[in-house]
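Asker: Here it is: the structure, laid out below.
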């Protein structure tokens, strides 16, 4: 696997070693030993999630203020623009975000540490999105920052209004959000 740093050093892009021929391909999507050696992150994943969304669906920006979740995310069908926003007040990159195109074809994964708000926009007709988390889902601790917050100013690659859930429509402004120390 290849680890690619982003402009926020704690967020990593992971490219697997893919072995393919005329029959198809094979790759290890996760190997705990190799992940820990390459990233130097002592993480343990406790939950796997799988979502399917249609074109122009935007999910996020989500986080859990207690029981924060680190996430290892990837796309197995389609294409998304994946975003991680640093909401750790003590971080030098507080209020900054990074985005990456994740596709079934490029097989890239993104490591989103706890302390970040996370979201994605579906660019293909349909996308299936998988993610491993370092803590369990706790709806009572879930928070949502508005996807179009003017301070974060995420540059989503979209020219139409995205399709968002009722919960995401009620996302609050970054300046009013509960953040991490």
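Asker: Enumerate the pairs (first residue in the stretch 21-49 and at negative phi and free of Cβ contacts under 8 Å to residues at least 24 places away in the same chain; second residue anywhere and surrounded by 10 or more Cβ atoms within 10 Å (Cβ to Cβ) and in a loop (DSSP other than H, G, I, E, B)) with beta-carbon separation below 6 Å, excluding pairs fewer than 6 apart on the same chain, so at least 6 apart or on different chains.
Answerer: 25/18
Asker: OK, next. Regarding residue 51, is this residue within 26 Å of residue 174 (Cα to Cα) and surrounded by fewer than 18 Cβ atoms within 10 Å (Cβ to Cβ)?
Answerer: Working: within 26 Å of residue 174 (Cα to Cα): yes; surrounded by fewer than 18 Cβ atoms within 10 Å (Cβ to Cβ): yes.
Taking the combined requirement at face value, the residue satisfies it.
Asker: Select, from 12, 102, 61, the only residue that is under 14 Å from the mean Cα position of the chain (by Cα) and without any contact (Cβ under 8 Å) to a residue 40 or more places away in the chain.
Answerer: After ruling out the rest, the residue left standing is 102.
Asker: If you don't mind, there's one more thing I want to ask. Of all residues in the stretch 94-140, how many are in a strand (DSSP E or B), surrounded by fewer than 24 Cβ atoms within 10 Å (Cβ to Cβ) and touching a helix residue (DSSP H, G or I) at 6+ places or on another chain (Cβ under 9 Å)?
Answerer: Result for the stretch 94-140: 1.
Asker: Sticking with this one: What is the number of the single condition among (1) outside any loop (DSSP other than H, G, I, E, B); (2) more than 23 Å from residue 89 (Cα to Cα) that residue 157 does not meet?
Answerer: Unmet for residue 157, out of (1) outside any loop (DSSP other than H, G, I, E, B); (2) more than 23 Å from residue 89 (Cα to Cα): (1).
Asker: Please specify each residue of the stretch 64-93 satisfying the condition of being exposed (fewer than 15 other Cβ atoms within 10 Å of the Cβ), assigned to a loop (DSSP other than H, G, I, E, B) and in contact (Cβ under 8 Å) with a residue 12 or more places away in the chain.
Answerer: Passing the criteria: 66, 89, 90.
Here, each number is a calculation from the coordinates, and none is a lab measurement. What you see is a predicted model, and the numbers here were worked out from it, not measured in a lab. Positions of Cβ are backbone-derived with ideal geometry, glycine not excepted, and every protein chain shown enters the neighbour counts.
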